[in-house]
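Student: Okay, here's the structure, questions in a sec.
Just so it is clear, none of the values below were taken in a lab; they were calculated from the coordinates. Bear in mind that the values here come from a model prediction, so they are computed numbers and not experimental data. Here the Cβ positions follow ideal geometry from the backbone for every residue, glycine too, while neighbour counts run over all protein chains shown.
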Amino acid sequence: MLKYIKWFWRYYRHHKRALATLLTFSLLSSAFLVIQPILLRNIFDLLESGETTTTSLPYIDNWIKSLGGESIGMYALLLIAFAAGWLVVYIILVGHRAYMNIRLEMEFRQTVFDDITGKGPDFFNKFSTGDLITRLTDDVAEKLSWFACSGIFRFYEALTLIAFSLIMMVSIHPVLTLWTAVPLPILIVIYMKSSAVLDRRFDFLQKKISEVNDAMEACFSGIRVIKAYTREKDQRKRFADVAENRRKAEISAVRAHTIIESLWMYVWQFGIVIILLAGGYYVINGSLTIGEFVAFDSYVLFLIYPMFDVGNFLVKGLRAAVSIKRLIELEEHPPMVTEEEGSKPLTDSPLGRVAFENVSFRFPGMDRDILHDLDFEVEPGRRVALVGRVGSGKSWAARLIPKLVNPTAGRIVLDGVDLRKYDIGDLRRHIGYVPQEPILFSESIENNIRFHREGITDETLEWAVDISQLSDDLNGFPEGMQTKIGVRGMSISGGQKQRLALARALAAKPKILILDDCTSALDADTEAELWDRLHEVMPDLTCFIITHRPATLEKADEVIVLDDGRIVEQGTHIDLILQEGLYCKLYHRIMLQEAVGEV
C-alpha cells in the first residue's frame, strides 16, 4: 500500500494547489450536507410541538439559531441557502476532479513513455509491443484515470461525510447509532474474501488484453507476408481466439466485480431497514421525536452513497493496484545505458579516432559473452569493414560505439576519452547510425530525414539526399519530399528505404558513420557511386561498415574479421586474401553467390 501511495505522490506533489482545493472543498461539501438534516429536524419539531429539541452538541444548535432565530420560514430559507451552497461547492469539486483525472492520465502516460524510450534492447525483448501499448492505453486510461483522482477523493469525501454524519447521529441517539454497525462485519468479510479473487481476475484480464494487442500489431506489421502466403484465414482465426479469450476474461472480471458490488450495496441497504424499524420503535415509545427521527433517517440516507463510494474505492482500488504494479514493473526494469555523474559535454566536433580496448559484451540474462576481448584502433577518416559469419557479433560491436549498449568489460575510447564519460546526447549527435533494417515512420520523406532535429537546413537536407543517391527517386514520388511513405515505409522499395535511412544519418553531418549491412538492397553501381561521393565530400569521416558486398570490402581501408565474438583476422583486403584464412573463405563464398545470382 505504501508503495502505491508513494507512486501517486510523485505526481500529486506537482499539483499542490489542486490538491488543497480538493481537500478543502470535499470537507465543505460534507459540511454543507450535514447541516441540512438539523434544519429539517427543527422544522418538524416546530410543526409537531412548537419548539425545537437539542442534540448533545449544543454549540451547533446555538450557531444555527444565531443565523436567523427560530421560525419555520427562517429554517426553510436556511435549508435552501445551504442546499445552494452545497451545489456551488460540489460543482467546483467535480470540475477539479474531472480536470485532474485527465491531467494525471496524460502525465502517467507521458512519464511511462519517456521512461520506456530510455530502455535497452533487453527491455523490448521482455515486453512485447502489444503489451506495452496495453499498459500505456488500457491500464492508464481505463483502470487508472478515474481512480487517480475521482476514486481517491470520492472516497475521502465519503469518509468525511460518514464521520460527520455519525457524529450527528450519536448526538441525536447513541443507541440507535449502534444499529448502523450491524452490516460492518459482513462487509469486512466480503472484502477480505473478494480482494484476492479480484486481484487475480484483473491481472488475468490485462494479460488477455495485451495478447489481443500483440495479435493486431503482429498481423498489421506483417500484412505483406500474410498476403503473400495467403494466411489471412489463419490470422482471422488467431485473432478470433485471442479476442474470445479476452471476452471470457472480461466477463469473469465483470461478474466478480458486479457480484461483490451488489453484495456490498444489498448488505448496507439491509442495515438501513434495521435502522428504520429500530427508529420507528424509539419514536413510538417516546425516546425519539419525529424531527429527530427525520434528521437521523437523513443521516442514514447520507451514508448510502458514501458507503457505495467506499466499496467502489476498495474494488476499483484493487483494479488500479494491478495496473500500477504493471507500470512499476516497466519502471523497475533497469536501462542498459545510463548517464554517468560528471559526464563530459562534447561541444566540439570530435576527430573520430575510435579504439576498442579489450572490450567484451554480454547480453543481460545470458551466461556467455557475445563479444570477447576486442582490441583495435581506427584512425580518423578510415573505413573499417566488420566481417564474419551470421551471429559472430558484428552488429553488437557496432552498437557499442553510439552507446546503445555499454561494454561489460573493457572500454571504448573516442579521441582518448572513455565513451562512458561523454554526455550521451552530445556523443550521438556526432554519430550517424543506420541499422540492418531501416526504421522509418509513417510521415513524409522530409520528416523522416529531419527526424525532428534542429539545425538541419534545406541545403543540408538536399545535400544528404544527393549523397545517399535518393535524388532521382524523388522525381518519381507524387509529392516529392512531402510524400507520405506509410507505416514503416510500406509504399517505397527496399533500396529506397535504405537510402532514406542513410540520408537521415548523413543529414547531421556526423564524424562517425555506422552502416550495419544497410546497402544490401542497392545495386552494385549505386553502392559504388555512394561510396565515391561519400569519400569525396566527407574525407575525414570515420566509417564502420558491416557488409557482404565484395566491392565494398575491397575499398575498405581495414577489414576486421569476427568469429564467435572474437577477432580472428585483421588487415587490408589484399593481406587477408593472401592469408587464405576465414576471410578468404567468406569472400570467395560471397563472390560465388553473386556469380550464381547473375547467372
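Student: Give a residue-ordered list of calculated ³J(HN,Hα) values for region 3-19 (Karplus: 6.51 cos²θ - 1.76 cosθ + 1.60, θ = phi - 60°; whole Hz; x for Gly, Pro).
Tutor: Taking θ as phi minus 60°, the curve returns 4, 6, 5, 4, 4, 5, 5, 4, 9, 5, 5, 8, 10, 5, 5, 5, 5 Hz for region 3-19.
Student: For F204, F155, F544, F270, what's the fewest-to-most ordering of other Cβ within 10 Å of each Cβ?
Tutor: Ranked by crowding around the Cβ, least crowded first: F270, F204, F155, F544.
Student: A further question follows. What is region 2-332's relative contact order, in percent, from Cα pairs under 8 angstrom and six or more apart in sequence?
Tutor: 30
Student: Please work out whether the chain counts as rounded, prolate or oblate from its C-alpha gyration tensor, where a ≥ b ≥ c are the square roots of the eigenvalues and a/c under 1.5 means rounded, while otherwise a/b larger than b/c means prolate and anything else oblate?
Tutor: prolate
Student: Net charge around D557, counting only other residues with Cβ within less than 9 Å of its Cβ (Lys, Arg = +1; Asp, Glu = -1)? Please report the intermediate quantities before stating the final value.
Tutor: On the way: positive: R382, R383, K555; negative: E379, E558.
So the environment of D557 carries a net charge of +1.
Student: Moving to a separate point now. Determine ³J(HN,Hα), in whole Hz, for all residues of region 22-28 in sequence, where each value follows from phi through the Karplus function 6.51 cos²θ - 1.76 cosθ + 1.60 and θ = phi - 60°; x replaces Gly and Pro.
Tutor: 5, 5, 5, 6, 5, 5, 4
Student: Based on DSSP H runs of at least 4 residues, each adding -39500 (n - 2.57), what is the mean residue ellipticity at 222 nm of the chain after dividing by all its residues, to the nearest 500 deg cm²/dmol? Working shown, then result.
Tutor: Working: 23 runs with 367 residues, N = 599.
-20500 deg cm²/dmol, from helical runs alone.
Student: Take the Cα atoms of region 439-509, build their convex hull, and give its volume per residue in Å³.
Tutor: Residue-normalised Cα hull volume stands at 75 Å³.
Student: Quick check on the exposure proxy: order S194, S252 from fewest to most C-beta atoms within 10 angstrom. List each step's numbers first, then the result.
Tutor: Numbers: S194 20, S252 17.
In increasing order of surrounding Cβ atoms, one gets S252, S194.
Student: Calculate the translational D of region 2-332 in whole µm² s⁻¹ from Stokes-Einstein, where the hydrodynamic radius comes from the Kirkwood formula applied to all Cα pairs, the temperature is 25 °C and the viscosity 0.890 mPa s.
Tutor: On the way: Rh = 23.3 Å.
Using the Kirkwood radius from Cα pairs, D works out to 105 µm²/s.
Student: Under a point-charge model restricted to the Cβ atoms of Lys and Arg (+1) and Asp and Glu (-1), what is the dipole moment magnitude of the chain relative to its Cα centre, in debye to the nearest 20?
Tutor: Working: 66 positive and 77 negative charges, 440 e Å.
Roughly 2120 debye, rounded to the nearest 20.
Student: Taking only C-alpha pairs under 8 Å that are 6+ residues apart, what is the relative contact order of the chain in percent?
Tutor: Relative contact order for the chain comes out at 14 percent.
Student: Please sort by residue number the GluC sites (Glu not before Pro) in region 340-372 whose DSSP state is loop and whose Cβ has at most 11 other Cβ atoms within 10 Å.
Tutor: E341
Student: Return the FRET efficiency for the residue pair D525, E437: r is the Cβ-Cβ distance, R0 is 25 Å, and the value is rounded to the nearest 0.05.
Tutor: Efficiency, from the Cβ-Cβ distance: 0.60.
Student: How many percent of Cα pairs in region 6-143 exceed 25 Å?
Tutor: The calculated P(r) of region 6-143 puts 53 percent of pairs beyond 25 Å.
Student: In straight Cα distance, which aspartates and glutamates are under 19 Å from K325, not counting same-chain residues fewer than 8 positions off?
Tutor: Qualifying aspartates and glutamates at Cα under 19 Å: E105, E107, D114, D115, D131, D138, D139, E142, D199, D203, E211.
Student: OK, next. Treat the count of other C-beta atoms within 10 Å as a stand-in for reagent exposure and order F302, F127 from fewest to most.
Tutor: Values: F302 23, F127 18.
Lowest to highest Cβ neighbour count: F127, F302.
Student: Using +1 at the Cβ of each Lys and Arg and -1 at the Cβ of each Asp and Glu in region 439-509, identify which of A507, G489, W463 lies farthest towards the dipole's positive end.
Tutor: The residue sitting farthest along the positive end of the dipole is G489.
Student: Extension gain A141-M106, at 0.36 nm per residue separation less the Cα-Cα distance, in nm? Write down the numbers at each step before the final one.
Tutor: Details: separation 35, 0.36 × 35 = 12.60 nm, distance 0.88 nm.
Full extension of this stretch gives 11.7 nm more.
Student: Tell me, what ³J(HN,Hα) does each residue in region 429-439 have, in order and in whole Hz, if you take phi through Karplus 6.51 cos²θ - 1.76 cosθ + 1.60 with θ = phi - 60° and put x for Gly and Pro?
Tutor: 5, 9, 10, x, 10, 10, x, 4, 9, x, 9
Student: Using alpha carbons only, how many angstrom separate the centre of region 203-248 from the centre of region 473-488?
Tutor: Here the answer is 31 Å between Cα centres.
Student: With only alpha-carbon atoms in the gyration tensor, what are the semi-axes of the equivalent ellipsoid for region 327-419, in Å, largest first?
Tutor: 24, 20, 11
Student: Any of K344/K403; K126/K509; K126/K394; K3/K207 with alpha carbons more than 26 Å apart? Name them for me.
Tutor: K126/K509
Student: D423's amide H: which non-local residues (gap 5+, or another chain) put their own amide H closer than 5 Å, with H modeled 1.01 Å from N in plane and none for Pro or chain starts?
Tutor: HN-HN under 5 Å from D423: K344, L346.
Student: I'd like the GluC sites (Glu not before Pro) in region 440-532 restricted to DSSP loop residues with at most 12 other Cβ atoms within 10 Å, sorted by number.
Tutor: Working: sites: E443, E446, E454, E459, E462, E479, E527, E529; in loops: E443, E454, E479.
Within region 440-532, the qualifying GluC sites (Glu not before Pro) (loop, at most 12 other Cβ atoms within 10 Å) are E454, E479.
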